[in-house]
Amino acid sequence: MGNICKKCDALCCKYFALEIDKPTTKNDFENIRWYISHQKTSVFIQNRKWYLNIKNRCKYLDGNNHCKIYETRPAICRRLDPKECEYHDQNAVKEIKTLKQLEKYLEEHPIKRKRKRI
Ligand code: SF4
Ligand code: SF4
């Protein structure tokens with residue numbers, strides 16, 4: 001474990017996120033509304049990419065926030081660079097957790113209507 005990680009609360013081990021298509025239609029945003037209606041679920045936008053975020057502690061994280069399978073941890077855990085992780089970069093992420101936040105996002109980013117071809 002790096003020095004930076006010793007100061008952190010194992011943020012990276014308490015969720016997993018999957019990239020999703022950027023929502024563009026009313027139906028896409030209805031799906032987002034459905035995702036975030038579930039407990040411990042949000043979406044976030046980072047570097048223009050959208051992610052479905054599930055806040056769920058890894059089962060291999062012990063009570064002291066240490067990895068119980070450190071030597072054999074999955075590749076995605078090995079690839080994460082503590083110098084570039086969310087511990088430093090929390091402000092770079094726009095998270096939408098509530099319906100109110102979703103409504104605000106839609107006010108600021110109205111859905112563009114597609115032009116009908118004549
Ligand atoms: S990699 Fe980043 S988020 Fe994960 S424990 Fe280390 S400092 Fe915290
Ligand atoms: S396997 Fe270990 S490093 Fe990976 S998320 Fe779980 S506790 Fe964290």
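The values are calculated or read from the model by the stated rules, or taken from the named source; none is laboratory data. These figures come from a predicted structure and were not determined experimentally. Quick reminder, even Gly has a Cβ in these numbers, built from the backbone with ideal geometry, and neighbours come from all protein chains shown.
Figures for the structure shown
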item: Residue check for H66: more than 16 Å from ligand 2 (Cβ to nearest atom) and not hydroxyl-bearing (S, T, Y); result: no
item: Restricting the range 19-48 to residues that are of a type in the set (F, W, Y) and touching a residue at least 24 places away in the same chain (Cβ under 8 Å), the residue that is farthest from E86 (Cα to Cα); result: F29
item: Any hit, the range 14-27, residues being of a type in the set (S, T, Y), buried (at least 16 other Cβ atoms within 10 Å of the Cβ) and within 16 Å of ligand 1 (Cβ to nearest atom); result: yes
item: Hey, D9 more than 10 Å from ligand 2 (Cβ to nearest atom), at pLDDT below 95 and either within 20 Å of K97 (Cβ to Cβ) or not in a strand (DSSP E or B) (or both) or not; result: yes
item: Complete set of residues in the range 1-58 that are under 25 Å from R78 (Cβ atoms), more than 10 Å from the chain's Cα centre (by Cα) and acidic (D, E); result: D9
item: Selected residue (only one of Y87, Y35 is surrounded by 15 or more Cβ atoms within 10 Å (Cβ to Cβ) and either at pLDDT below 95 or not in a helix (DSSP H, G or I) (or both)); result: Y87
item: Conditions (1) surrounded by 15 or more Cβ atoms within 10 Å (Cβ to Cβ); (2) more than 8 Å from ligand 2 (Cβ to nearest atom); (3) within 29 Å of D21 (Cβ to Cβ): number failed by R57; result: (1)
item: Long-range neighbours under 6 Å by Cβ, at least six apart or interchain, first residue within 12 Å of C58 (Cβ to Cβ) within the range 71-82, second within 8 Å of ligand 2 (Cβ to nearest atom); result: R73/C67
item: Condition check for Y70: over 18 Å from K83 (Cα atoms) and within 16 Å of ligand 1 (Cβ to nearest atom); result: yes
